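What follows is calculated from the coordinates using simple rules that are stated; it is not laboratory data. Predicted, not measured: the structure shown is a model, and the values here were computed from it. Reconstructed Cβ throughout: ideal geometry from the backbone, glycine too, with neighbour counts over all protein chains shown.
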Amino acid sequence: DIQMTQSPSSLSASVGDTITITCRASQAISFYLAWFQQSPGKAPKSLIHATSNLQSGVPSRFTGAESGTDFTLTITNLQPEDFATYYCQQYNSYPLTFGGGTRVE
Amino acid sequence: EVHLSQSGGGLIQPGGSLRLSCAASGFSFSSYSMSWVRQTPEKGLEWVSSITESGDNTNYADSVRGRFFISRDNSNGTMYLQMNSLRAEDTAVYYCAKDHALFSMDVWGQGTTVIVSS
């Protein structure tokens, strides 16, 4: 199984900050990496697919990138609604696997 | 509007069975793969199962293979998860998701809680 190691597990930030979350895959997954945002009590919401492609309606302050087996989610100009938990997921092969999550508080 | 509406969760005794449903609207259901994902505070998000557009191919996590069965009815736009031989460790919030080979899980249901306890 492909392990997705996400870091940090939590971070503190303020409105207007720029933050970066990293996800490392235990083996090559090509560009099949997605990012999700989840607020308390809500279902995950898709932000980015195929490493760097924003889902429809997602603000441009969210950016996805890749360097080898390391993938990053960067949020610039952090907004109040961005304080949530973020998950990465690889969908290159089954079993599909998620990172452990990063809580932004 | 693209929407997935879930039903079927609840409290069930260990060893029991439960069927979850996921009703789709706002998109061509038969054109998309679908998946189930569950979530617990301890293990986070865990993929459970996926089914292709036609229903001909399915995949399962090792933790549920042989006990859970995914299916779909394209005539009424609904996906199902039949859960048998339930265990305490199956306790979770279960989500259905519209899936795509390129776009990943782009739409999620609201989630339904399954509690396995005596």
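Of the residues screened, B:GLN82 is not one that is surrounded by 13 or more Cβ atoms within 10 Å (Cβ to Cβ), within 14 Å of another protein chain (Cβ to nearest Cβ) and either more than 23 Å from A:GLY41 (Cα to Cα) or among the polar types (S, T, N, Q) (or both).
Of the residues that make up the stretch B:22-32, is at least one more than 28 Å from A:GLY101 (Cα to Cα) and within 14 Å of another protein chain (Cβ to nearest Cβ)? Yes, the stretch B:22-32 contains a residue that is more than 28 Å from A:GLY101 (Cα to Cα) and within 14 Å of another protein chain (Cβ to nearest Cβ). If you go through the stretch A:74-87 one residue at a time, do you hit one that is surrounded by fewer than 18 Cβ atoms within 10 Å (Cβ to Cβ) and in a strand (DSSP E or B)? Yes, the stretch A:74-87 has at least one match. Apart from one condition, B:GLU53 fits all of (1) in contact (Cβ under 8 Å) with a residue 24 or more places away in the chain; (2) assigned to a loop (DSSP other than H, G, I, E, B); (3) of a type outside the set (Lys, Arg); the exception is (1). Among the numbered criteria (1) within 26 Å of B:SER117 (Cα to Cα); (2) assigned to a strand (DSSP E or B); (3) touching a residue at least 24 places away in the same chain (Cβ under 8 Å), which one does B:PRO14 miss? Going through the list (1) within 26 Å of B:SER117 (Cα to Cα); (2) assigned to a strand (DSSP E or B); (3) touching a residue at least 24 places away in the same chain (Cβ under 8 Å), B:PRO14 breaks only (2). Among the numbered conditions (1) in contact with a strand residue (DSSP E or B) (Cβ under 7 Å, 6 or more places away or on another chain); (2) more than 24 Å from A:GLN3 (Cβ to Cβ), the only one that B:ASP56 does not meet is (1).
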